[in-house]
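Here it is, the structure, as structure tokens.
The values are calculated or read from the model by the stated rules, or taken from the named source; none is laboratory data. Being a predicted model, the structure only gives us computed values, none of them experimental. FYI the Cβ positions are ideal-geometry reconstructions off the backbone, even for glycines, and counts take in every protein chain you see.
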Amino acid sequence: MEQRTNSPYPKLDRPVLAVIGILLVVSTILFVRSDRLRDFWYYQYEFKRMVADKFGAEKAKSVPSGLQQIWVRDLRHADRCVTCHQATAWKGFESAEEPWRTHPVEPLRTHPPERYGCTSCHGGQGWAVDVSEAHGQMAHWEEPLLGSELGEAYSLVDDKTALMQMNCNVCHRYDRETAGATAINTAKSLIKEKGCHACHVINSRGGTIGPDLTYVGDKAPEQYDYSRLSGQRTAFAWHVAHFKEPRALVSDTVMPNFHLTTREAQALAMLVLSWRREEVPAEYLHGAPRTDPRTPEEARAEEDMKTGPGAWFVKTGCFVCHSITAFGVRSPAQIGPDLSIAVEDVQARFGKTIDDFLANPTGTMSVVLSRQIILSKEQKAEAVKNLRAAFAEHQKQAAHK
Ligand code: HEC
Ligand code: HEC
Ligand code: HEC
Ligand code: HEC
Ligand code: HEC
């Protein structure tokens with residue numbers, strides 16, 4: 001009260017205070033709004049300034065202002081990332097901070113942004129012009145940016161930026177190897193090495209003991225049973241844990257423990273999650289497979305396999321997964337090792353004789369011999385006889401070389 005009477009503007013102070021109060025509220029609202037909108041204007045302003053500093057004011061005028069977008073009709077993307085990431089195609093900002101850094105040149109040389117946009121590789125929400133929305137950092141966004149932040153959150157042991165390779169593989173799934181997708185390449189060689197096709201159909205080829213994996217990446221995160229998983233409840237974490245010890249998550253599964261390292265399990269998780277039914281136009285699919293008709297030579301070789309010394313393996317069905325090259329038997333799938341040297345190899349790998357191995361098989365073969373190809377005692381003896389004959393033939397051929 002005292003203060004008020006001492007005020008130089010006793011009559012005015014109340015309305016003035018009220019006006020100031022209102023202004024404060026309004027400007028706070030405006031400030032909050034413009035702070036969220038400010039994002040891209042701020043980044044554009046800064047970039048113009050950087051260009052002016054480096055290349056002069058004239059050049060800076062060529063930097064576009066306002067909303068920028070790359071529309072890729074074939075992929076149905078309209079990516080606005082370049083609204084902030086304006087330096088993408090500029091030279092000279094290779095060591096600037098993000099979002100003002102020049103893009104690494106190599107990926108864009110083979111995939112020009114006007115045909116690929118940004119999100120086909122990086123993920124993120126193409127339409128957004130606000131950092132947290134564009135990068136999809138909120139938990140419920142469907143398309144998070146597959147960058148280092150998510151890589152950290154998923155505790156990737158290797159390259160924190162590797163998650164992007166899941167998107168590379170949407171188009172490159174039929175490549176045996178893709179330069180720049182190291183983790184995916186590791187996983188692809190593991191698929192071959194571990195014989196996953198023995199139990200799983202992948203791209204319409206393989207066995208049916210386990211589920212078809214061709215589009216397993218489409219399985220929604222809610223469809224997984226997390227009850228036996230500790231820690232993060234994401235599809236990625238589920239697959240990593242399942243690869244490391246299938247039985248820890250699915251107690252009655254016959255999927256073997258392959259004793260994978262964390263790095264390998266994470267690479268495989270990325271690979272299987274990349275197997276999605278994306279609608280990518282054919283010209284965007286790199287190296288899609290073609291099925292060629294059988295040549296007469298192939299037909300003849302097949303006939304020889306059925307009647308030659310390896311006929312038992314063909315008749316019994318072992319050749320679906322195994323070649324027996326010593327007998328000229330070529331497996332169409334080559335999921336398991338060549339059986340020409342099994343007699344020696346089984347001893348080295350499992351420390352038991354071939355008789356013992358067939359009587360008490362481990363890993364994938366224990367599943368094959370209990371569900372797919374049931375052999376009587378006599379048939380197992382015949383298998384051993386044939387395996388020994390194949391080995392003898394192999395040694396003979398090796399000696400002649
Ligand atoms: C509103 C501005 C803005 C938009 C829009 C934007 N970004 Fe960014 N981006 C940034 C800023 C700022 C950084 C650096 C700070 C950070 O990482 O959050 C950044 C960093 C990045 C990084 C490096 C971070 C990492 O995790 O490796 C990538 C990759 C990236 N952005 C991709 C994209 C993609 C793809 C889009 C479009 C879907 C996009 N950005 C849209 C502002 C933006
Ligand atoms: C063909 C796939 C591809 C496309 C398309 C693509 N990028 Fe990249 N981008 C990459 C690769 C690969 C890297 C290097 C990642 C690494 O090794 O850290 C990268 C790096 C980046 C980085 C730096 C992040 C970091 O970790 O250093 C940003 C930011 C970025 N890209 C934004 C964009 C924007 C914006 C577009 C669209 C104009 C785009 N990218 C289009 C593949 C792509
Ligand atoms: C939207 C589909 C798509 C995405 C996503 C994609 N690529 Fe490609 N990529 C292609 C196509 C199609 C070609 C062939 C381009 C050409 O020859 O003109 C190609 C070419 C390449 C090549 C050159 C290989 C060759 O034989 O010419 C490499 C290496 C490559 N991509 C790696 C990557 C990496 C790494 C990523 C992820 C960062 C990626 N790609 C993402 C479709 C894609
Ligand atoms: C001996 C047979 C067998 C082999 C070999 C095998 N799996 Fe499995 N796999 C199964 C069975 C059975 C299931 C279903 C029960 C379960 O989830 O464990 C399964 C489940 C899966 C799932 C989860 C599928 C889903 O819909 O949730 C993935 C992914 C998978 N396997 C990948 C692989 C990969 C990759 C390999 C090779 C490294 C492999 N499997 C080798 C039998 C096998
Ligand atoms: C569905 C695919 C499949 C079929 C059919 C199959 N196998 Fe196998 N087999 C495998 C795989 C995969 C391995 C490698 C397993 C491992 O390393 O643990 C293997 C391993 C073996 C081994 C050990 C070889 C070595 O060098 O270590 C022998 C022996 C064997 N199989 C015999 C047979 C015989 C005999 C038949 C036919 C009665 C047969 N397999 C049918 C998938 C199959």
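Here's the yes/no breakdown for (1) within 31 Å of the chain's Cα centre (by Cα); (2) within 22 Å of GLU298 (Cα to Cα); (3) within 16 Å of ligand 3 (Cβ to nearest atom):
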residue: ALA311; (1), (2), (3): no, yes, no
residue: VAL320; (1), (2), (3): yes, yes, no
residue: ILE335; (1), (2), (3): yes, yes, no
residue: GLU344; (1), (2), (3): no, no, no
residue: THR364; (1), (2), (3): yes, no, no
residue: LYS401; (1), (2), (3): no, no, no
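Pairs please, first residue from region 380-401 and charged (D, E, K, R), second anywhere and in a helix (DSSP H, G or I), Cβ atoms under 7 Å, 6+ apart in sequence or on different chains.
Matching pairs, first to second residue: LYS380/LEU358; LYS380/ALA359; GLU382/TRP312; ARG388/VAL343; GLU393/ALA326; GLU393/PHE327.
Right, here's the next one. Condition first: modelled with pLDDT under 95 and away from ligand 2 (no atom under 16 Å from the Cβ). Now tell me which residues in region 158-194 satisfy that.
Of everything in region 158-194, those that are modelled with pLDDT under 95 and away from ligand 2 (no atom under 16 Å from the Cβ) turn out to be TYR174, ARG176, LYS192, GLU193, LYS194.
Could you check VAL240 against (1) more than 7 Å from ligand 4 (Cβ to nearest atom); (2) surrounded by fewer than 18 Cβ atoms within 10 Å (Cβ to Cβ); (3) not basic (Lys, Arg) and say which number it fails?
(2)
Based on this model, can you work out whether ALA248 counts as surrounded by 12 or more Cβ atoms within 10 Å (Cβ to Cβ), touching a Leu at 6+ places or on another chain (Cβ under 8 Å) and in the same structural domain as VAL216 (by TED's automatic domain parsing)?
Answer is no for this residue.
Hey, another quick one. When THR178 is evaluated against the numbered criteria (1) surrounded by fewer than 18 Cβ atoms within 10 Å (Cβ to Cβ); (2) assigned to a loop (DSSP other than H, G, I, E, B); (3) of a type in the set (Ser, Thr, Tyr); (4) more than 16 Å from ligand 1 (Cβ to nearest atom), which criterion, by number, is the only one it fails?
So the condition that THR178 fails would be (1).
Please verify whether VAL314 is out of contact with any Lys or Arg (no Cβ under 8 Å at 6 or more places or on another chain) and surrounded by 14 or more Cβ atoms within 10 Å (Cβ to Cβ), treating the condition exactly as stated.
So VAL314 does not fit the description; no.
Does SER274 meet the test of being farther than 21 Å from THR178 by Cβ and either small (Gly, Ala, Ser) or touching an Asp or Glu at 6+ places or on another chain (Cβ under 8 Å) (or both)?
Spelling it out, it is not the case that SER274 is farther than 21 Å from THR178 by Cβ and either small (Gly, Ala, Ser) or touching an Asp or Glu at 6+ places or on another chain (Cβ under 8 Å) (or both).
Residue check, GLN69 against (1) in contact (Cβ under 8 Å) with a residue 24 or more places away in the chain; (2) away from ligand 3 (no atom under 16 Å from the Cβ); (3) within 27 Å of GLU279 (Cβ to Cβ), all met but one. Which one?
In the conditions (1) in contact (Cβ under 8 Å) with a residue 24 or more places away in the chain; (2) away from ligand 3 (no atom under 16 Å from the Cβ); (3) within 27 Å of GLU279 (Cβ to Cβ), GLN69 misses (1) alone.
Looking only at region 166-175, filter to residues that are within 20 Å of LEU150 (Cβ to Cβ) and within 16 Å of ligand 4 (Cβ to nearest atom); which one of those is surrounded by the most Cβ atoms within 10 Å (Cβ to Cβ)?
In this case the residue turns out to be ASN169.
Can you give me the ranges of the helices (runs of 4 or more DSSP H) entirely in region 194-302 with at least 1 residues that are within 19 Å of PRO144 (Cα to Cα)?
235-244, 262-274
Now, a different point. Quick check: anything in region 311-320 touching a helix residue (DSSP H, G or I) at 6+ places or on another chain (Cβ under 6 Å), within 15 Å of ALA198 (Cα to Cα) and modelled with pLDDT of 90 or more?
No: zero hits.
While we're looking at this one, here's another question. Could you tell me whether CYS199 is away from ligand 1 (no atom under 16 Å from the Cβ), over 22 Å from VAL280 (Cα atoms) and out of contact with any Ser or Thr (no Cβ under 6 Å at 6 or more places or on another chain)?
Taking the combined requirement at face value, the residue satisfies it.
Please work out which one of (1) closer than 27 Å to THR253 by Cβ; (2) at pLDDT 95 or above is the condition THR353 fails and give its number.
Of everything listed in (1) closer than 27 Å to THR253 by Cβ; (2) at pLDDT 95 or above, THR353 misses just condition (1).
Also, I was wondering about something else. Which ones in region 333-355 are surrounded by fewer than 21 Cβ atoms within 10 Å (Cβ to Cβ) and either closer than 24 Å to ARG247 by Cβ or of a type in the set (Ser, Thr, Tyr) (or both)?
GLY336, ARG349, PHE350, GLY351, LYS352, THR353
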